[in-house]
Amino acid sequence: MQPVGVTYFDKTSDKDPEGMTRQTLRLALKRGDELGIKYFVVASSTGLVAKMALSELAGRRLVVVGEDRSWYDGVLLKDLRSKAVPTLFSREIPYSYPSDVQAALRRFCEGAKVCPEVVMLAADKDAVPPGREVVAIAGTGSGADTAMVVASAKSKDFGELRIKELLCKPR
């Protein structure tokens with residue numbers, strides 16, 4: 001047994017998007033490095049988290065998952081492409097995520113629902129191999145406030161997905 005702490009934030013990322021995102025990315029990086037995890041899957045609706053992850057998670061295998069391509073600045077998309085960062089958009093990918101599971105995970109926080117979702121999307125598009133432990137990062141509204149270690153699975157194999165560790169979340 002190894003005692004590992006969970007960080008509970010006193011606010012959600014939409015209250016301080018840049019500050020909360022920076023803290024979340026640093027906690028995720030620290031634990032990912034401790035576990036030797038190579039892949040970091042980041043939810044980023046508008047590109048703020050993606051942009052910050054490019055610098056905070058430099059040298060790691062980063063995968064960015066947004067909702068809609070039109071919400072992203074063209075310069076950021078070009079930058080992600082030039083750095084060979086897989087960038088996926090949920091509205092462009094058919095996938096399955098049971099609504100009762102989504103509702104249950106939202107009881108923890110919005111990011112707890114989104115972390116497994118973006119990992120499945122990344123696995124569905126072969127940006128992350130199924131069965132691999134990854135660090136998933138998501139948030140509430142704008143920014144990131146939740147990080148988890150997740151054993152990846154494709155959405156059609158949802159039962160194989162495992163949430164291994166909760167690293168941080170808002171209270």
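Rule-based calculations on the coordinates, nothing more; no lab input. Not measured: the values here are computed from a predicted model. Because the Cβ atoms are built from the backbone with ideal geometry, glycine has one as well, and the counts that use them run over all protein chains shown.
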Could you give the dipole magnitude of region 7-170 about its Cα centre, charging the beta-carbon of Lys and Arg +1 and that of Asp and Glu -1, in debye to the nearest 20?
-> 280 debye
Region 1-60: C-alpha pair distances exceeding 15 Å, % | 53 percent
What's the extension gain from Asp16 to Arg91 if we count 0.36 nm per residue and subtract their Cα-Cα distance?
-> 24.4 nm
5 Å-binned pair-distance histogram of region 44-130 (Cα, whole percent) | 3, 13, 23, 24, 21, 10, 5, 1
The extension gain from Asp157 to Val101, computed as 0.36 nm times the residue separation minus the Cα-Cα distance, is 18.8 nm
If the label point is 7 Å along Cα→Cβ of Thr7, which residues in region 130-168 have backbone nitrogen under 11 Å from it?
-> 145-147, 167-168
Pairs to check: Lys30/Lys113; Lys15/Lys154; Lys83/Lys156; Lys15/Lys169; Lys30/Lys83. Give those whose C-alpha atoms are more than 24 Å from each other in this structure.
-> Lys15/Lys154; Lys83/Lys156
Per residue convex hull volume, Cα atoms of region 93-152, in Å³ = 86 Å³
Cα lying deepest toward the dipole's positive end in the chain, options Gly32, Phe9, Ala43, charges on Cβ = Gly32
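Can you tell me the relative contact order of region 7-170? Whole percent, Cα pairs under 8 Å, sequence separation 6 or more.
Details: 347 pairs, mean separation 49.1, N = 164.
With pairs under 8 Å counted, the relative contact order is 30 percent.
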Just tell me, in residue order, which DSSP H segments of the chain are both 20 angstrom or longer along the helix axis (alpha-carbon based) and at least -1.0 in mean Kyte-Doolittle hydropathy.
-> 17-35, 110-124
So for the chain, what percent of the C-alpha to C-alpha distances run longer than 26 Å?
-> 19 percent
Output ³J(HN,Hα) for region 58-64: one whole-Hz value per residue in order, computed from phi by the Karplus curve 6.51 cos²θ - 1.76 cosθ + 1.60 with θ = phi - 60°, and x for Gly and Pro.
-> 4, x, 9, 7, 9, 10, 10
With Cα springs under 10 Å, the Gaussian network model of the chain assigns the largest mean-square fluctuation among Ser45, Ser70, Ser13 to Ser70
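Arrange the following residues from fewest to most other Cβ atoms within 10 Å of their Cβ: Met20, Met1.
Met1, Met20
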